[in-house]
1. Go through the residues of segment 88-95 one by one and say whether even a single one is modelled with pLDDT under 85, surrounded by 13 or more Cβ atoms within 10 Å (Cβ to Cβ) and in a loop (DSSP other than H, G, I, E, B).
2. Inside segment 1-54, can you point out the residues that are closer than 30 Å to residue 89 by Cα and aliphatic (A, V, I, L, M)?
3. Name the residues in segment 291-321 that are more than 17 Å from residue 194 (Cα to Cα), in a helix (DSSP H, G or I) and either basic (Lys, Arg) or open to solvent by 80 Å² or more (accessible area, probe 1.4 Å) (or both), would you?
4. Filtering segment 37-67 down to residues that are outside any helix (DSSP H, G or I) and not small (Gly, Ala, Ser), which residue is most open to solvent (accessible area, probe 1.4 Å)?
5. Among 162, 198, which is more than 10 Å from the chain's Cα centre (by Cα), under 30 Å from residue 115 (Cα atoms) and buried (at least 16 other Cβ atoms within 10 Å of the Cβ)?
Amino acid sequence: MSSPALRECLREWDDLQEHYQEIQESHRLYKQKLEELTKLQSRCSNSISRQKKKLKELSTELKKCKATEEKDDYQVKEIFDHMKSREKTFFEMESFLPKKNGLYLSLVLGNVNVTLLSKQAKFAYKDEYEKFKLYLTMILMVLSFICRFILNSRVTDAVFNFLLVWYYCTLTIRESILINNGSRIKGWWVLNHYISTFLSGVMLTWPDGLMYQMFRNQYLSFSMYQSFVQFLQYYYQSGCLYRLRALGERHNMDLTVEGFQSWMWRGLTFLLPFLFFGQFWQLYNAITLFQLARLPECKEWQVAMCILPFLIHFLGNFFTTLRVVHQKFQKQNEGQKEK
């Protein structure tokens, strides 16, 4: 007769066997549903592509046609309105469907599918991206303060610049993934981080010497100020986005950016002076480097190489901000005229 301990072990084994069968069945069903999902994704993507192609052809044909009656003209306008609405709908649909990676993501990640299939996963990734920006901004602000006022060492400067290179490289990858998942960040605010990556890389390779020491304190002070402004922007913009999303006026995947946007109009007098001061500091950095490059003692190629990124930063940030402010004033004037 078997012992009670052995009987207990055998009973537990029988339970495990039964549970194992359930696991196998669940996994079989999961693979089946996964195959069905993959086929359905492919069908949806192909249908949307065909529809967009047909709409583009129809739009071209409609533009060639001339309406002879007022009724026809009204119908054509109505069709174009529906087309614009459908483009927005397709954009939302495609954000939940696998898509080919862009050139940058293909070079970095290959053909890995980075599309997140649920709203919860998208929001979680977006929120994690925002927290990553906030925490790294705080770390960079503290580290630039230490390098500027406490430790005058090329080693700590190299650590700071290496962190900047890694930070901006990571931002470009994360932003590309967010764009693949429906985020509408685009234009200058994306290009800005690629230029920052290049600039930080050049600063990292700049050897210690007379030219480096002449520009070092100015650069570290600027980096400290830039991190401070980005810290202000994060809290201000996140508050604006939260209110506008609650009112249904902004897309849920919209992000905080390192610049001024039309939806940030409230609090304009608070934020714009900080932004413009930082932008003109970028111009001042470019001018300082140009003067250093003309000195006979200047032998390092990094001096001349840093001029263009700082100048592009100034031009891009300054004129993009002016354009947004101008557009907002135009909309306000149009609204007052309608009243």
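1. yes
2. 34, 37, 40, 48
3. Step one: list which residues in segment 291-321 are more than 17 Å from residue 194 (Cα to Cα), which gives 291-304, 318-319, 321.
Next, from what is left, pick out any that are in a helix (DSSP H, G or I): 291-293, 301-304, 318-319, 321.
Matches in segment 291-321: 291, 301, 319.
4. Within segment 37-67, the subset outside any helix (DSSP H, G or I) is 65-67.
With not small (Gly, Ala, Ser) added as a condition, the list becomes 65-66.
On the way: 65: 88, 66: 182 Å².
Here the residue is 66.
5. Numbers: 162 fails: buried (at least 16 other Cβ atoms within 10 Å of the Cβ).
On inspection, the qualifying residue turns out to be 198.
The rows are residues; the columns are (1) crowded, with 20+ Cβ neighbours inside 10 Å; (2) touching a residue at least 60 places away in the same chain (Cβ under 8 Å); (3) within 15 Å of residue 220 (Cα to Cα); (4) touching a strand residue (DSSP E or B) at 6+ places or on another chain (Cβ under 7 Å).
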site	(1), (2), (3), (4)
127	no, no, no, no
132	no, no, no, no
138	no, yes, yes, no
149	no, no, yes, no
155	no, no, yes, no
171	yes, no, no, no
186	no, no, no, no
191	no, yes, no, no
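The values are calculated or read from the model by the stated rules, or taken from the named source; none is laboratory data. Everything numeric in this text was worked out from a predicted model, so none of it was measured. Heads up, the Cβs are rebuilt from the backbone with ideal geometry, glycines too, and the neighbour counts pull from every protein chain shown. For accessibility, only protein heavy atoms count, side chains too; no ligands or nucleic acids. Shrake-Rupley method; radii C 1.70, N 1.55, O 1.52, S 1.80 Å.
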